[in-house]
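Working notes, structure below.
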Amino acid sequence: MTLPDGPRSRRLPRLLRTLKLVFRPLDYLDEYSLRYGDIFKIGGEKSPPFVYVGNPEAVKQIFTAEPAQFESGRGNGVLRYLLGDNSLIMLDGESHERQRRLLMPPFHGDRLRTYSQLICDITQEVTDEWTIGKPFFVRPFMQEITLRVILRAVFGLDEGERFQQLRHLLNFMLDALGTPLSSTLLFFPSLRQDWGRFSPWGRFLRIKQQVRQLLYDEIRERREQGDFSRTDILTLLLSARDEAGQPMTDEELHDELMTLLVAGHETTASALTWAFYWIHHLPEVHDKLMADLGTLGDSVDPMEMARLPYLSAICSETLRIYPIAPSTFIRILKSPMEIGGYQFEAGTALMPSIYLIHQREDIYPEPKHFKPERFLERQYSPYEYLPFGGSNRRCIGAALAQLEMKLVLASIVSRFQLALTSNRPIKPVRRGLTLAPPAGMQMVAIAPRLEKSPVRA
Ligand code: HEM
């Protein structure tokens, strides 16, 4: 068979289909995969199609193929507005490889250990604002924690006027694209019109310009200071040289900082918000987590805490059931390739669907049920469990995100007895290109458990 099946344009006009993708993204994937199978195409009548791939064998073919077989950056055009042309996410080929080599070390090994105490301290600072008995929206607090962590990792600092402004403006900028309605700006180019500061796109562009200025100011100041003994990521990028001995330009630095700041906190904040929902929606999950934490002493090493099996399983299941990114980045074929029994021409846009694979009954029995135990009972291959994507584009922040999830969750549930203000089931909503819990999710601290987090350096 040459091409997989998929909806024909005449059955459902393109506009309606895109609206469904924006407002009911999971129904879109569930319905099409049920109707057309675990590999299906969208479009393809006049130009090469988009192909969703929900089959682990086919995903394995994509992830293990020569990276030079695909282009990815070109497929992420919509992120150009947010991140810039020089973002790692927009690059391909050698420049992508070189930039990744530079950016990976700060997110691995010993460097992670240095972030662990920081994560616990920031969690303590941010949750000190909670008042017993007073409900609060969960997401803004999670976003504050993850933003402070990434600011500290990237700049070595998160204090002072410039950082206050940066924190405030980044939140504002991402919230401007963060509702299901405002996410339409990313999917319909014709809506991206600057009709002044009161129009949605105009507001976004103006905030983005302010963020840009702050980042340029910081870059300039750091170049002038010339202190290369610091261990933060900006220092690392400032000291990097290409083969010709040239440093990165201000434009390149800006785009990479923006990428780390945006990719490095929104996603983890959504994942944490989900984890709080599941733990408090399902009392048996909460009780097992408390029993897991109970095996630790009064003064706990953060890395020991991060190794707790049930805590780890909760985080894995959180990222399985509603993956924050429903698909990996697009892989555009540069030459024809056979995948999953189909023959695709150059130009075909392949999208390994994280959500569809995570919902497969044959890999995850009762896939709609939140069951952390599945991660204690068996191991999954990188083509069956892929919340961070795969191959040469796998998320560079995966280890940091998982560490952060575990430490923030464990620190908070050790300190507070919490409850959801409503126990009605919630479903993911679109937040830009990702999926997140609805912004209205609220919790309340019923009683304190401990004065301070039990975690020590
Ligand atoms: C729970 C949190 C997170 C999730 C679910 C997540 C998920 C993903 C996914 C699915 C991809 C695409 C991979 C592919 O196409 O195969 C990706 C790429 C990326 N992520 Fe994350 N991410 C998270 C946290 C982070 C953090 C903390 C950082 C901070 C540095 C980060 C930085 C990036 C970057 C720079 C890329 C682009 C990699 C490339 O194109 O080479 N992410 N992430």
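Using DSSP to define loop residues, name the trypsin sites (Lys or Arg not before Pro) in the stretch 235-322 whose beta-carbon has at most 13 other beta-carbon atoms within 10 Å.
Values: sites: R241, K288, R307, R320; in loops: R307.
Answer in residue order: R307.
Loop only per DSSP, at most 16 neighbouring Cβ atoms within 10 Å: give me the chymotrypsin sites (Phe, Trp or Tyr not before Pro) in the stretch 147-219, ordered by residue number.
Values: sites: F155, F163, F172, F187, W195, F198, W201, F204, Y216; in loops: W195, F198.
Passing both the DSSP loop test and the Cβ count: W195, F198.
Kindly flag which residue pairs out of K20/K134; K20/K368; K20/K334 have an alpha-carbon separation exceeding 32 Å in this structure. Don't skip to the end; give the middle numbers.
On the way: K20/K134 37 Å; K20/K368 21 Å; K20/K334 29 Å.
Flagged as over cut-off: K20/K134.
Listed highest first by mean packing, meaning other Cβ atoms within 10 Å per residue, what order do 129-142, 87-100 come in? Could you put the intermediate results ahead of the total?
On the way: 129-142: 15.9, 87-100: 17.4.
The peptides rank, most packed first, as 87-100, 129-142.
Quick one: Cα centre-to-centre distance for the stretch 157-206 and the stretch 119-135, in angstrom?
The distance from the Cα centre of the stretch 157-206 to that of the stretch 119-135 comes to 27 Å.
According to the square roots a ≥ b ≥ c of the eigenvalues of the Cα gyration tensor, what is the shape class of the stretch 312-393, taking rounded for a/c under 1.5, prolate for a/b larger than b/c otherwise, and oblate for the remainder?
In terms of gyration-tensor shape, prolate.
Put +1 on the Cβ of each Lys and Arg and -1 on the Cβ of each Asp and Glu in the chain; which of Y32, L237, S116 then has its Cα farthest toward the positive end of the dipole?
Comparing the listed Cα positions along the dipole, Y32 ranks first.
Need one number: % antiparallel among DSSP beta bridges in the chain, to the nearest 5. Don't skip to the end; give the middle numbers.
On the way: 23 of 28 bridges.
Of the beta bridges lying entirely in the chain, close to 80 percent run antiparallel.
Per residue, how much accessible surface does the stretch 142-219 expose to a 1.4 Å probe? Answer in Å², no decimals. Don't jump to the answer; show the numbers that get you there.
Numbers: 3510 Å² over 78 residues.
Normalised by residue count, the accessible surface of the stretch 142-219 is 45 Å².
I need the phi-derived Karplus couplings for the stretch 73-88: 6.51 cos²θ - 1.76 cosθ + 1.60, θ = phi - 60°, integer Hz, Gly and Pro marked x.
x, 4, x, 9, x, 5, 7, 4, 4, 8, 9, x, 5, 9, 5, 3
Tell me what the chain gives for mean residue ellipticity at 222 nm when only DSSP H runs of n ≥ 4 count, each as -39,500 (n - 2.57), the sum divided by the residue total, rounded to 500 deg cm²/dmol. If you can, show how the numbers build up before the last one.
Details: 19 runs with 222 residues, N = 457.
So the calculated ellipticity at 222 nm is -15000 deg cm²/dmol.
For T421, what charge total do you get from the other residues with a beta carbon under 14 Å from its beta carbon, if Lys and Arg give +1 and Asp and Glu give -1?
Values: positive: K134, R139, R424; negative: none.
Once all neighbours under 14 Å are counted, the net charge is +3.
Would you mind working out the accessible area per residue for the stretch 263-321, using a 1.4 Å probe, and quoting it in Å²? Before the final figure, lay out the partial values.
On the way: 1820 Å² over 59 residues.
It amounts to 31 Å² per residue over the stretch 263-321.
Would you grab the residues whose amide H sits under 5 Å from the one on F40? Only those 5+ places off in sequence or on another chain, please, with H modelled 1.01 Å from N.
Answer set, sorted by chain and number: Y52, G54.
For S422, list long-range residues whose amide hydrogen, built 1.01 Å from N in the peptide plane, is under 5 Å from its own amide hydrogen.
Under 5 Å from the amide H of S422 lie the amide H atoms of Q442, each far enough along the sequence or on another chain.
Over the chain, what percent of the accessible surface lies on carbon and sulfur atoms, probe 1.4 Å? Please list the in-between numbers first.
Values: 10960 of 20350 Å².
Accessible surface attributable to carbon and sulfur in the chain totals 54 percent.
For D301, enumerate residues with amide H under 5 Å from its amide H, sequence gap 5+ or separate chain, H modeled in the peptide plane.
Here R456 satisfy the definition.
For the chain, what does the relative contact order come out to in percent, with C-alpha contacts under 8 Å and a separation of six or more? List each step's numbers first, then the result.
On the way: 672 pairs, mean separation 119.0, N = 457.
Normalised by residue count, the contact order of the chain is 26 percent.
Can you pull the semi-axes for the stretch 18-116, root of five times each eigenvalue of the Cα gyration tensor, sorted largest first, whole Å? List each step's numbers first, then the result.
Working: eigenvalues 189, 64, 57 Å².
Equivalent ellipsoid semi-axes, largest first: 31, 18, 17 Å.
Just how large is the dipole of the stretch 14-448 about the Cα centre, in debye to the nearest 20, putting +1 at every Lys and Arg Cβ and -1 at every Asp and Glu Cβ?
Working: 50 positive and 53 negative charges, 258 e Å.
So the magnitude is around 1240 debye.
Gap in Å between the Cα centre of the stretch 269-324 and the Cα centre of the stretch 334-381?
That distance is 24 Å.
Taking square-rooted eigenvalues a ≥ b ≥ c of the alpha carbon gyration tensor, is the stretch 14-448 rounded, prolate or oblate, where a/c under 1.5 means rounded and, failing that, a/b exceeding b/c means prolate? List each step's numbers first, then the result.
Values: a/c = 1.40, a/b = 1.07, b/c = 1.31.
Rounded, because the longest to shortest axis ratio a/c is under 1.5.
Given axes a ≥ b ≥ c from the Cα gyration tensor, I'd like to know whether the stretch 94-223 is rounded (a/c under 1.5), prolate (a/b larger than b/c) or oblate. Could you put the intermediate results ahead of the total?
On the way: a/c = 1.76, a/b = 1.17, b/c = 1.50.
The shape class here is oblate.
The values are calculated or read from the model by the stated rules, or taken from the named source; none is laboratory data. Model, not experiment: these values are computed from the prediction. In this analysis, Cβ positions are derived from the backbone assuming ideal geometry, glycine residues included, and neighbour counts consider all displayed protein chains. In case anyone asks, the SASA skips ligands and DNA or RNA and just uses the protein heavy atoms, side chains included. Shrake-Rupley method; radii C 1.70, N 1.55, O 1.52, S 1.80 Å.
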